[in-house]
Amino acid sequence: MENKNFAMPIIDNYIKQISSNWWDIFVTGLLFFIFGLIFIIWPEEAVRFIAYILGLMALIVGGWIMYNSFKVKNIEKNYNKMKQNLVGKFFD
């Protein structure tokens, strides 16, 4: 006989996880509330700050992507060298 309440353990587990992390939800709400107050009280400074943060993030992520592009560029060359070495050692 098939268990018709197969979803109950899933829901129980979800409720346990959510209720044990109530503080995480509260802190997230508190931070958004404070962030909203800052935007209401100092709108120009808040927008300027966000622009600086986004610009800094773009520079960091862009540099990281360019750095990793050179690593990706060499993957095939390094793989072919490694494959030739392994074939030479084990299959000659």
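The values are calculated or read from the model by the stated rules, or taken from the named source; none is laboratory data. Worth saying up front: this structure is predicted, and the values here are computed from it rather than measured. Ideal geometry is used to build each Cβ from the backbone, glycine not excepted, and the neighbour counts take in all protein chains shown.
Some notes on this structure:
- Within the stretch 50-79, the residues that satisfy the criterion of being of a type in the set (Phe, Trp, Tyr) and modelled with pLDDT of 90 or more are 52, 64, 67.
- With respect to being in contact with a Phe, Trp or Tyr (Cβ under 8 Å, 6 or more places away or on another chain) and at pLDDT 85 or above, residue 46 fits the description.
- Matching residues, the stretch 25-78, being small (Gly, Ala, Ser) and under 30 Å from residue 15 (Cβ atoms): 29, 36
- Flag for residue 47 being within 21 Å of the chain's Cα centre (by Cα) and without any contact (Cβ under 8 Å) to a residue 60 or more places away in the chain: no
- Residue ID - surrounded by the most Cβ atoms within 10 Å (Cβ to Cβ), chosen from residues in the stretch 42-75 that are part of a helix (DSSP H, G or I) and of a type in the set (Phe, Trp, Tyr): 49
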